[in-house]
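Q: Dropping a structure here in structure tokens format, bear with me for questions.
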Amino acid sequence: MTAVGIDAIEIWTGKLQLDLPNTFAPAKNEDPGKYTKGLGLETSSFPDTYEDIVTMGANAAKRLMDRKDLDPADIGRIDVATESAFDNSKPISTYIAGCLEQVYDGDFHHANKGERKFACVSGTQSIDDAYNWIRAGRNRGRSALVVATDTALYARGDPGEATQGAGAVAMLISEDPSVLALSDEQGYGSADETDFLKPNQQFPSVDGKRSMQVYLARMREAVEDFESVAWDMHPEDFAYIPFHTPFPGMVRKAGLLGYRHTIRDTEIEDELAGEIGRQPRESEYDDWDDYEEAIRGYMDRLKDTDAYRDWYGRVIEPALNISRRVGNWYTGSVHVARASALKHAAETGRDLEGEKLLIGSYGSGAQAEIHAETVREGWLEEIEALSIDEQLESRYDISYDEYETVHDAHNHDKEAEVEEFTTPEGEFVHVGWGRMNERKYEYVE
């Protein structure tokens, strides 16, 4: 059976940056370590005044198409995942297609277009849709363009304000892919939850403590479900494990939970038994609360072992490198983590061909998905073509007053005339509104 998966990846980050320890923390009269050590963040990306989810998504898509020498006839569907949509009817994919048609010969009139919504997991769901479309033989030899694009902004003063970010990830899903082949098996954990939601509002309502609990519970269910149809996983089965990363500090808890689960009944648990004891088994306890307390104690000891720290440093930490510098991208978050892991392998000279990644996606509301991906022979050339380092270095560093100004500019409830901070060049920009209040875009040479 022909492999189906990710043939190309491109990233577009917002063109402004907010320095959390040196700009945001002093303005809030807080310890910089709250952000760098607690959340695991250094800077956040923000969109300039002419940027939004359409421009960032279209710019990432154009960069991908140019690099792969594609034209509209090569694309059979455009799926956009976002939780920052500004229209309840017209999908963002139509806007992005309209932008791309300004610069390419031909059009996307025969491409299926849609918009996916399930908080941050919808980017992975869009990949699943494209995978199934190709597997069903309905693609006519064409590829799917999946774009995850968001402006992850919070109301000012909200506890989540420091985790903000903005950017887009474009991915080409094809037969015989160059980068990664997706596994047929998936695992899900899903429940009706109200941990994070936007009931007809731009900025989210968040129960932070509850959201962490739900994230871990759904991830655990998804891992168990994946193992029921795939195999009982071992910590060394995967070169990297990119998780959904609203902020790196959240991934620390997911990584520890995953490690504890996968070492159970293995030689690693046996080797650690003399140091921290064996994992508590539910059957050993008559009271659930006593069992939960024993598990928490075991995990507290586990996280301080050399075995766990070494594994986390090799398998999890490299997937967080970009996220530390851009913040939360909602639907793009796990896909940034995947790119970060592959980029780390390229920079350290690691040959990944044939090795596996485990992708841990999550969306509030709530659902987690686990699946495996196998690295293909063309991965290195593709990852070396990414320009994310140059983009990060060229961002305009905003002051706190400028941060408040640009935040107002992107607040749908405010009328704010704000001058642009950077000069657009070779990219799509937002230029105003049309007669039906639709957004208008142009390509700037």
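The values are calculated or read from the model by the stated rules, or taken from the named source; none is laboratory data. All values reported here derive from a predicted model rather than from experimental measurement. Methodologically, a virtual Cβ is constructed for each residue, glycine included, from the backbone with ideal geometry; neighbour enumeration extends over all protein chains shown. The accessibility values were calculated without ligands, DNA or RNA, using every heavy atom of the protein model including side chains. Shrake-Rupley method; radii C 1.70, N 1.55, O 1.52, S 1.80 Å.
Q: How are the C-alpha pair distances of region 368-412 spread across 5 Å bins, as whole percents from the shortest bin up?
A: P(r) over region 368-412, rounded to whole percents: 5, 14, 11, 11, 12, 13, 11, 13, 9, 1.
Q: Quick one: among Pro280, Pro318, Pro235, which has the greatest mean-square fluctuation in a GNM of the chain with alpha-carbon springs under 10 angstrom?
A: Per the Cα network of the chain with a 10 Å cutoff, Pro280 tops the list.
Q: Can you give the log10 of the normalised intensity I(q)/I(0) at q = 0.08, 0.09 Å⁻¹, computed with Debye over equal Cα scatterers of the chain?
A: Summing over Cα pairs of the chain leads to -0.44, -0.56.
Q: Among the aspartates and glutamates, which have Cα under 15 Å from the Cα of Lys90 when same-chain residues fewer than 8 positions away are ignored?
A: List returned: Asp79, Glu115, Glu438.
Q: If you don't mind, there's one more thing I want to ask. Strictly over 32 Å apart at the Cα level, which of Lys117/Lys253; Lys34/Lys68; Lys343/Lys414; Lys34/Lys113 would you flag in this model?
A: Details: Lys117/Lys253 26 Å; Lys34/Lys68 42 Å; Lys343/Lys414 39 Å; Lys34/Lys113 42 Å.
Beyond 32 Å between Cα atoms: Lys34/Lys68; Lys343/Lys414; Lys34/Lys113.
Q: Quick one: accessible area per residue over the chain, 1.4 Å probe, rounded to a whole number of Å²? Mind showing how you got there, number by number?
A: Numbers: 18870 Å² over 445 residues.
Spelled out: the 1.4 Å probe surface of the chain, per residue, equals 42 Å².
Q: Also, quick follow-up: Rounded if a/c is under 1.5, else prolate if a/b beats b/c, else oblate: with a ≥ b ≥ c from the C-alpha gyration tensor eigenvalues square-rooted, which is region 128-173?
A: On the way: a/c = 6.26, a/b = 3.77, b/c = 1.66.
Note, shape of region 128-173 comes out prolate.
Q: Putting +1 on Lys and Arg Cβ atoms and -1 on Asp and Glu Cβ atoms, find which of Asn321, Ile75, Val169 reaches farthest to the positive end of the dipole of the chain.
A: Ile75
Q: Please report the accessible area of Thr374 (heavy atoms, 1.4 Å probe, ligands and nucleic acids excluded) in Å², nearest 10.
A: 40 Å²
Q: Against the empirical 2.2 N^0.38 Å scaling, what ratio does the C-alpha Rg of region 35-87 come to?
A: Details: Rg = 15.6 Å, N = 53, 2.2 N^0.38 = 9.9 Å.
Here the Cα radius of gyration is 1.57 times the empirical estimate.
Q: Please state the relative contact order of region 287-445 as a whole percent: Cα pairs under 8 Å, 6+ residues apart?
A: Reported as a whole number, the value is 11 percent.
Q: Sorted from largest down, give the three principal axis spans of the alpha carbons of region 165-239, whole angstrom values.
A: 41, 30, 21
Q: Separate question: Given the options Asp408, Asp128, Asp31, which has the most mean-square fluctuation in a GNM of the chain, springs set between C-alpha atoms less than 10 angstrom apart?
A: Asp31
Q: Now for a separate question. Could you tell me how far the Cα centroid of region 118-144 sits from the Cα centroid of region 44-106, in Å?
A: 16 Å
Q: Now for a separate question. Please report, ordered by residue number, every helix of the chain (full DSSP H runs) that is 24 Å or longer along its axis going by C-alpha atoms and whose mean Kyte-Doolittle hydropathy reaches 0.5. List each step's numbers first, then the result.
A: Working: long enough: 208-229 (32 Å, -0.53).
Within the chain not a single helix satisfies the rule.
Q: About the Cα centre of the chain, what is the dipole size in debye to 20, counting +1 per Lys and Arg Cβ and -1 per Asp and Glu Cβ, all else neutral? Walk me through the intermediate numbers first.
A: Numbers: 46 positive and 87 negative charges, 141 e Å.
So the magnitude is around 680 debye.
Q: When the C-alpha atoms of region 118-256 are aligned to their principal axes, what extent does each axis show, in angstrom, from largest down?
A: 49, 34, 28
Q: Report the antiparallel proportion of the DSSP beta bridges in the chain as a percent, rounded to a multiple of 5.
A: Numbers: 48 of 64 bridges.
Once the DSSP bridges in the chain are tallied, antiparallel ones form about 75 percent.
Q: I would also like to ask the following. When only alpha-carbon atoms are used, what values of Rg and Dmax, in angstrom, describe region 328-445?
A: Cα only, region 328-445: 19.4, 54 Å (Rg, Dmax).
Q: Right, here's the next one. For the chain, with a Gaussian network of springs between Cα atoms less than 10 Å apart, report the residue from Glu292, Glu353, Glu381 with the top mean-square fluctuation.
A: Glu292
Q: Now, a different point. Over region 361-445, what percent of the accessible surface lies on carbon and sulfur atoms, probe 1.4 Å? Provide the component values of the computation, followed by the final result.
A: Numbers: 1870 of 4690 Å².
Using a 1.4 Å probe with all protein chains present, region 361-445 comes out at 40 percent carbon and sulfur.
Q: If the chain between Ser205 and Val431 were fully stretched, how many nm would it gain, using 0.36 nm times the residue separation less the Cα-Cα distance? Spell out each step's value before the answer.
A: On the way: separation 226, 0.36 × 226 = 81.36 nm, distance 3.02 nm.
Fully extending the segment from Ser205 to Val431 adds 78.3 nm.
Q: Which residue, chosen from Thr151, Leu18, Gly277, occupies the Cα position most advanced towards the positive end of the dipole of the chain, where the dipole is computed from +1 (Lys, Arg) and -1 (Asp, Glu) charges on Cβ about the Cα centre?
A: Final value for the positive-end residue is Thr151.
Q: Averaging the inverse of every distinct alpha carbon separation and then flipping it gives the Kirkwood radius. What is it for region 11-51, in angstrom units? Before the final figure, lay out the partial values.
A: On the way: mean 1/r = 0.0921 Å⁻¹.
Every distinct Cα pair counted, the radius reaches 10.9 Å.
Q: Taking a probe of 1.4 angstrom, what is the accessible area of Cys99 in Å², to the nearest 10?
A: Surface open to solvent at Cys99 totals about 0 Å².
Q: Could you calculate, for region 85-199, the ratio of the Cα radius of gyration to the Kirkwood radius, expressed as Rg to Rh? Provide the component values of the computation, followed by the final result.
A: On the way: Rg = 16.6 Å, Rh = 16.7 Å.
Radius of gyration over Kirkwood radius for region 85-199 works out to 1.00.
Q: Please say if region 196-239 is rounded, prolate or oblate, where rounded means a/c under 1.5 for a ≥ b ≥ c the square roots of the C-alpha gyration tensor eigenvalues, and otherwise the choice is prolate for a/b larger than b/c and oblate otherwise?
A: Prolate shape, in that a/c is at least 1.5 and a/b is the bigger ratio.
Q: Further, regarding this structure: State the answer as a single residue: which of Val375, Leu302, Trp288 lies farthest towards the positive end of the charge dipole of region 285-377, with beta carbon charges of +1 for Lys and Arg and -1 for Asp and Glu, about the Cα centre.
A: Selected residue: Val375.
Q: Next question. Could you put Asp195, Asp413 in order of accessible surface area, largest first, with the 1.4 Å probe and the full protein assembly present? Can you show the working numbers first?
A: Numbers: Asp195 0, Asp413 140 Å².
The most accessible residue leads, giving Asp413, Asp195.
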